[in-house]
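The values are calculated or read from the model by the stated rules, or taken from the named source; none is laboratory data. From a predicted model like this one, the values you see are computed outputs, not experimental measurements. FYI the Cβ positions are ideal-geometry reconstructions off the backbone, even for glycines, and counts take in every protein chain you see. Heads up: the accessible areas ignore ligands, DNA and RNA and are worked out on the full protein's heavy atoms, side chains in. Shrake-Rupley method; radii C 1.70, N 1.55, O 1.52, S 1.80 Å.
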Amino acid sequence: MQTSSCLLEEGDEMAAANDDSVYAGPTNGVRAVTNASAIINLDHGDPTMFESFWRRIGEKGTIVIPGWQTMSYFSDATKLCWFLEPDFAHEVRRLHGLVGNAVVEERHVIVGTGSTQLFQAALYALSPPDASEPMSVVSAVPYYSSYPSVTDYLRSGLFRWSGDAHAFKGETYIELVCSPNNPDGTIKEAVLKSKFGKTIHDLAYYWPQYTAIVGTADHDIMLFTVSKSTGHAGTRLGWALVKDRDVAKKMVKFIELNTIGVSKDSQLRAAKILKVVSDGYELPNPDGMDKLFDFGRRLMAARWERLHEAVKASGFFSLPEFSSGFCMFFKERTATYPAFAWLKCEKEEIRDCEGFLKEHNILTRSGKHFGVASEFVRVSMLDRDENFDLFVKRISSLGSSHLSQKV
Ligand code: PMP
């Protein structure tokens, strides 16, 4: 069982059990670490850094749902995706049109409870129901740690996890392509090319705050989520853009069997959130309100600069290098600022980087959950400012604290 790569794990218990930790931030009931020796949990990609943006947006991002609304199971029973709220579908298409990151024309929009549900719906839709063997599901290393666990947790007879796409031998498979990639931020393409193979493109991070939008993605199945585009992970809403009608129908069937549709309340909220993002760019802005992708990009640029300095000061780690690209959205060359830092420990004597950082009360996710060696760790870059500040300070001082421990 891959329990350690699930969303809520060890780290959460540790954070709760640490009596010395001092927390602040009672405004929303969420605790942010303030103490210098407290545990900093950057294991999950929880996108809380976006909270400050949405706080400033205030009322404009608020919706009120009267008690009588959104009661029916159905949104439009005549449509292929009968539980898709028209306002949400409209704002999805509008936002892609604005950003230019994915083709929406002649595509079915399917809503899911997070892109996690859509990923499973796509596996269900692409696996033949009567095959003698389960369909092999692969992804090139390092792959998102949830892919193996979500694929296999129900021991389906339809599909099963088959590991690194580079090592796969065979003609029939489903390849998961995550681009920009979680965990290492690289731009990826499918590595397998068989005409019997299928691909699912997970484009959760193909947004201008993370990477240059260099082209309009045009794949058979593309997955997106508000978790990483706007930061609303708790709304649990994702969408798929699907070319083939039969595949789209099967994905809808899966969601019908799995959860009889998707929360309409969440869809209305997400529609509002996406509308605010698009309005920010498309409507006059007399008050000079900040715009989401500008905010995200500015913050990520500052964080990456600070992380690079801290990593250099520590002398322990290396980070991948990224090239810049011409961003069609910002209409200028922009650098790459991934949502995760993929740290490699360069000290011979430290093979378990996650364990080493844990000794310093920094919780990260080991490379072994992503199909690679444990000298790598994945660190979330999307946490609140207080936690990120503590993290870079602690990383910078690692060199001196390690030396003083040895003396
Ligand atoms: N795909 C990738 C690559 C992710 O990083 C994540 C979130 N960590 C997801 C999918 C899941 O997104 P959601 O919250 O919409 O289920």
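Select from the stretch 340-370 the residues that are in a strand (DSSP E or B) and basic (K, R) and write down the one among them that is farthest from S396 (Cα to Cα).
R365
Of all residues in the stretch 304-328, how many are touching a residue at least 60 places away in the same chain (Cβ under 8 Å), open to solvent by 60 Å² or more (accessible area, probe 1.4 Å) and not in a helix (DSSP H, G or I)?
Looking only at that region, the number is 3.
Could you please find all residues in the stretch 142-159 being assigned to a loop (DSSP other than H, G, I, E, B) and aromatic (F, W, Y)?
Y143, Y144, Y153 - these are the residues of the stretch 142-159 that are assigned to a loop (DSSP other than H, G, I, E, B) and aromatic (F, W, Y).
State whether one or more residues within the stretch 226-236 are within 16 Å of the ligand (Cβ to nearest atom), over 21 Å from the mean Cα position of the chain (by Cα) and closer than 21 Å to T151 by Cα.
No; the residues of the stretch 226-236 include none that is within 16 Å of the ligand (Cβ to nearest atom), over 21 Å from the mean Cα position of the chain (by Cα) and closer than 21 Å to T151 by Cα.
Starting from the stretch 212-229, keep only residues that are touching a residue at least 60 places away in the same chain (Cβ under 8 Å), then list their pairs with residues that are crowded, with 23+ Cβ neighbours inside 10 Å and assigned to a helix (DSSP H, G or I) whose Cβ atoms are within a distance under 6 Å, requiring at least 6 positions of separation or different chains.
If the second residue must be crowded, with 23+ Cβ neighbours inside 10 Å and assigned to a helix (DSSP H, G or I), the pairs left are I221/A122; L223/S115; L223/L118; T225/S115.
Please indicate, with yes or no, whether at least one residue in the stretch 386-404 is among the hydrophobic types (A, V, I, L, M, F, W, C), part of a helix (DSSP H, G or I), touching a Phe, Trp or Tyr at 6+ places or on another chain (Cβ under 6 Å) and more than 27 Å from L176 (Cα to Cα).
Yes, the stretch 386-404 contains at least one residue that is among the hydrophobic types (A, V, I, L, M, F, W, C), part of a helix (DSSP H, G or I), touching a Phe, Trp or Tyr at 6+ places or on another chain (Cβ under 6 Å) and more than 27 Å from L176 (Cα to Cα).
Is it true that some residue in the stretch 178-187 is away from the ligand (no atom under 15 Å from the Cβ) and at pLDDT 95 or above?
no
Is there a residue in the stretch 115-135 that is more than 27 Å from F74 (Cβ to Cβ), of a type in the set (S, T, N, Q) and open to solvent by 10 Å² or more (accessible area, probe 1.4 Å)?
Within the stretch 115-135, one or more residues are more than 27 Å from F74 (Cβ to Cβ), of a type in the set (S, T, N, Q) and open to solvent by 10 Å² or more (accessible area, probe 1.4 Å).
Of the residues G371, G355, which is more than 20 Å from R306 (Cβ to Cβ), open to solvent by 30 Å² or more (accessible area, probe 1.4 Å) and not assigned by TED's automatic domain parsing to the domain that holds D184?
Exactly one of G371, G355 is more than 20 Å from R306 (Cβ to Cβ), open to solvent by 30 Å² or more (accessible area, probe 1.4 Å) and not assigned by TED's automatic domain parsing to the domain that holds D184, namely G371.
Just need a number here: residues in the stretch 75-113 that are open to solvent by less than 10 Å² (accessible area, probe 1.4 Å), away from the ligand (no atom under 16 Å from the Cβ) and part of a helix (DSSP H, G or I).
Final tally of qualifying residues: 2.
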